[in-house]
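Report on the structure given below.
The values are calculated or read from the model by the stated rules, or taken from the named source; none is laboratory data. Fair warning: this is a prediction, and the values are worked out from it, not measured in the lab. Positions of Cβ are backbone-derived with ideal geometry, glycine not excepted, and every protein chain shown enters the neighbour counts. Just the protein is used for accessible areas: all its heavy atoms, side chains included, with ligands, DNA and RNA removed. Shrake-Rupley method; radii C 1.70, N 1.55, O 1.52, S 1.80 Å.
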Amino acid sequence: MKSTYLEKQYQAFKERYPNEKEYLQALHHVMVSIDEIIDDHPEYQKYNIIERLSEPERLISFRVTWLDDEGNVCVNRGYRVQHSALIGPYKGGLRFHPSVSQSVLKFLAFEQTFKNSLTGLGMGGGKGGSDFDPKGKSDREIMTFCQAFMRELFHHLGEDVDVPAGDIGVGQREIGYLYGYYKKLTNQVTGTLTGRDISIGGSLVRKEATGYGLVYFVEAALKKIKDTSLEGKKVIISGSGNVAIYAAEKVQEFGGTVVAMSDSSGFIHCEKGVDLEAIKTIKEEKRERIETYPDYDARGKYHEDPSKMWEIDADIALPCATQNELDENSVKHLIKNKVMMVAEGANMPTTEKAIEMLRESHILFAPGKAANAGGVLVSGLEMAQTAQFDSWDFDKINKRLKDMMESIFEAIYKTAKDYDQENDLQFGVNVYSFKKLAHAMIIQGVV
Ligand code: NDP
Ligand code: 2IT
């Protein structure tokens, strides 16, 4: 970094949290962008904005004890990072995955604060979850775990305080169990979790929102920057969960061909385009591995090692699985195959080195903080519907999602351009959100 002030700040975080690799990575992304503007904003130093925006306001950690089907007493670690309530109640998903740690949730909560500030809705940032592994668990074990998790977490939630939703390993089923038990514990019916099933006050389009929103963003960026569209493009998508499935659905609707999808064990390659109904059956209905795909569609070939998926020739790559899944090795293949755009459906799926390589190769890069904001946006619309005691139709919400993703693209594109960093959407989003949050922080005093 050029600024010695920023470099010192970053080094101090590194010394304080030497083992929090993901958190430091997310901070570094933002600081590198702010480096370009810090000299024009003495108020950021005066009010110590960097340090205040980087430290979570509150970090809750607790033990989750539950009984499995064999009667074993199991222990997991649960967390909620309430990162920032600067512009509204803490808002962000819950993740159940063995890789969950304080560092992972701190990075996710930090990025969530930036992301949520783009939506135009008053939502602060938070994230939570547990190192519980839902794979191979019975439905009853999932419910038992969700209830044990909520028994601790409920103290810290509320529709005006902190409103969780889903993330990896937490979908509509888990939200249902968490919500049902939250109501039992509080004896109140409020919209304290989003991503609920329609029958219990959820919003239409929430399930599709992140994937659809990602593709609306991609379409807007391709049009403005590359003077083209998804029509006729070959797309590779990592993951086959909530984000990946609905990104694939929208890509197909826009005339693109999804040639590959993955899970953490392997990937399927389908040159003529994946059969999305088969993927939905495997993943949403049967909760099976993507390995079984050829049983449904013999044209699809299964390969082990999901990282090899990036070697497939494509025009556009959408990493929609997990953090740091797209590294320099994988990016080499994308560059060789002349991919025109990488857009992040997942949170921080591209390593810092890989982003640098994409930039050097002039491959358009859409950071997750902006490109995957559709999910939390529709969560915000779910909160609005609950507050109004109303429910809106699919087209109304879908249109709002599309319009908002286009506005987000325009706002960050313009910010990058205004600072002579044209087409650097990573710079655009970091600077746009940071300025907004810094302003909100300054006008609320030292608290
Ligand atoms: P899901 O649990 O529905 O799906 C996750 C998918 O990613 C699964 O297919 C999983 O495979 C796969 N995966 C996990 N790790 C790897 C890996 N190392 N290599 C290949 N595939 C892997 O989660 P979501 O779709 O909800 O979330 C995906 C990403 O999108 C996350 O980064 C999340 O933070 C982000 N996101 C989610 C939003 C939402 O609304 N749900 C909103 C914005 C961002 P397997 O089943 O084998 O583990
Ligand atoms: O990363 C994310 O934006 C989410 N997991 C969705 C959060 C939400 O509150 O809907």
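Details
- Total residues in region 309-328, condition within 14 Å of ligand 1 (Cβ to nearest atom) and part of a helix (DSSP H, G or I): 2
- Residues in region 333-350 that are assigned to a helix (DSSP H, G or I) and buried (at least 23 other Cβ atoms within 10 Å of the Cβ): LEU334 only.
- From GLU356, GLU352, GLU360, GLU344, residue being acidic (Asp, Glu) and within 13 Å of ligand 1 (Cβ to nearest atom): GLU344
- Restricting region 192-206 to residues that are more than 11 Å from ligand 2 (Cβ to nearest atom) and in a helix (DSSP H, G or I) leaves a set whose member that is nearest to ALA244 (Cα to Cα) is ILE198.
- For region 127-141, residues that are within 13 Å of ligand 1 (Cβ to nearest atom), surrounded by 20 or more Cβ atoms within 10 Å (Cβ to Cβ) and among the small types (Gly, Ala, Ser) total 2.
- Checked against the criterion of being in contact (Cβ under 8 Å) with a residue 60 or more places away in the chain, of a type outside the set (Val, Ile, Thr) and over 23 Å from VAL243 (Cβ atoms), the candidates SER433, SER407, SER379, SER391 yield just one match: SER391.
- With a requirement of 2 or more residues that are within 14 Å of ligand 1 (Cβ to nearest atom) and surrounded by fewer than 17 Cβ atoms within 10 Å (Cβ to Cβ), none of the helices (runs of 4 or more DSSP H) lying completely within region 365-433 satisfies it.
- Scanning region 90-115 for residues that are of a type in the set (Phe, Trp, Tyr) and open to solvent by 10 Å² or more (accessible area, probe 1.4 Å) gives a single hit, TYR90.
- Of the residues making up region 200-221, those that are buried (at least 23 other Cβ atoms within 10 Å of the Cβ) and either aliphatic (A, V, I, L, M) or free of Cβ contacts under 8 Å to residues at least 24 places away in the same chain (or both) are VAL205, ALA209, LEU214, VAL215, VAL218, ALA221.
- Only a single criterion out of (1) surrounded by fewer than 20 Cβ atoms within 10 Å (Cβ to Cβ); (2) of a type outside the set (Lys, Arg); (3) within 12 Å of ligand 2 (Cβ to nearest atom) is not satisfied by VAL189, namely (3).
- Of the candidates ASP295, ASP263, ASP275, the single residue that is more than 16 Å from ligand 2 (Cβ to nearest atom) and open to solvent by 60 Å² or more (accessible area, probe 1.4 Å) is ASP295.
- Qualifying residue in region 285-307 (condition: in a loop (DSSP other than H, G, I, E, B), more than 10 Å from ligand 1 (Cβ to nearest atom) and of a type in the set (Gly, Ala, Ser)): yes
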